[in-house]
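Here the structure comes first, spelled out in structure tokens, and everything after it is commentary.
What follows is calculated from the coordinates using simple rules that are stated; it is not laboratory data. Everything numeric in this text was worked out from a predicted model, so none of it was measured. As a convention, Cβ positions derive from the backbone with ideal geometry for all residues, glycine included, and neighbour counts pool all protein chains shown.
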């Protein structure tokens, strides 16, 4: 009996000590500052990372990579041990969390977890689109602005293959070979599309939607994206574009609008995320001050919860990680 009780207590301690952290970009207009920041899942214990003009933080294992105007930086989850890594911009992490790629003056560089550049790729890149990784980390994607094509670069044999014209951000399903991506259409709108195993393509968004920045759930059964009823060029007063947050059940072929107060920011990807158990979808919500607030949707009850504590601070692009 004591043995089982000890196991129970140990498991209870494990689960209660699992902690979810959110990293995001925060804009304080009163101080004219943009900073990467981190907080708990309830918005408490908020800490600014790095310095002014650091943004678009991403998780790299238990560490955080920060972007600035000209350098990639790294710190731990509390913001300590800040290190300047390389000249570069817009880093993205591999599927196995052991490598990251970023844009530099020559095209693309790939670095390992020891902070060592292991590959330089001289290609023409569109820096407003993010690099993405295949599931096996053997390929990365980039968009060539002159050829207006998305290419896949093989890290094994340094070869290029065309993925598609006017295609952005291909994302491989975590469980199979289906690839999700965004495609620019001739009417100025964007479509969310999947490429199936047989090579056929299937449009996911509904007719007349202008659908952008899609992502997979960790289970590979759901797709989340942002949807407009107007062209992106029809800019609001701020750079936050009002839109719907939509989830699509890939198995049931069913759409559901989770929030009609979501927001999109041009030239940023990803802009939302599922937690590791697919229980919540985190996104940027437009608040009463027409600024961004961190929010999440419970994917069982569909309840929307505001995480940000200060509606006068513009907070966007949540990315979550649970520490166990």
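Quick one: if you stick a label point 7 Å off each Cα along the C-beta vector at residue 249 and residue 33, how many nm between them?
For the pair residue 249/residue 33, the computed spacing is 4.6 nm.
How large is the helix-only mean residue ellipticity at 222 nm for the chain, computed as the sum of -39500 (n - 2.57) over DSSP H runs with n ≥ 4, divided by its residue count, in deg cm²/dmol to the nearest 500?
-1500 deg cm²/dmol
Let me see the pair-distance distribution of region 36-85: every alpha carbon pair, 5 Å bin width, integer percents in order.
Computed distribution, short to long bins: 5, 24, 34, 25, 9, 3, 0.
Tell me, what is the percent relative contact order of region 124-173, built from C-alpha pairs under 8 Å that lie six or more residues apart?
Once divided by the residue count of region 124-173, the mean separation gives 34 percent.
Quick one: compute the contact order of the chain, relative version, from alpha carbon pairs under 8 angstrom and 6+ residues apart, as a percent.
RCO, the chain: 12 percent.
May I ask for the distance between the Cα centers of region 42-60 and region 303-322, given as a whole number of Å?
Going from one Cα centre to the other spans 12 Å.
Tell me, how many Å apart are the Cα centres for region 253-302 and for region 189-226?
16 Å
So what's the convex hull volume per residue for the Cα atoms of region 170-229, in Å³?
Output value, Cα hull per residue: 77 Å³.
Relative contact order, percent, of region 72-204 when contacts are C-alpha pairs under 8 Å separated by at least 6 residues?
On the way: 275 pairs, mean separation 15.5, N = 133.
Once normalised by length, the contact order is 12 percent.
What ratio of Cα Rg to 2.2 N^0.38 Å holds for region 91-167?
In units of the globular-protein estimate, region 91-167 measures up at 1.01.
If you scale each eigenvalue of the Cα gyration tensor by 5 and take the root, what three semi-axes come out for region 221-324, rounded to whole angstrom and sorted largest first? If you can, show how the numbers build up before the last one.
On the way: eigenvalues 93, 63, 28 Å².
After scaling each eigenvalue by five and taking roots: 22, 18, 12 Å.
Return the equivalent ellipsoid semi-axes of region 30-120 as a descending list in whole Å, where each equals the square root of 5 times an eigenvalue of the C-alpha gyration tensor.
Semi-axes from the Cα gyration tensor: 23, 16, 10 Å.
Kirkwood-based Rg over Rh for region 137-266 (C-alpha set), two decimals?
When Rh is taken as the Kirkwood radius, the ratio is 0.98.
Give me log10 I(q)/I(0) at q = 0.14, 0.16, 0.23 Å⁻¹ for region 118-212, Debye formula, one equal scatterer per alpha-carbon, no solvent.
-0.52, -0.67, -1.29
Could you list 91, 105 so that the one with the fewest beta carbons within 10 Å of its beta carbon is first and the one with the most is last? Spell out each step's value before the answer.
Values: 91 25, 105 9.
The fewest-first ordering by Cβ neighbours comes to 105, 91.
Cα atoms only: what Rg and Dmax, in Å, come out for the chain?
19.7, 70
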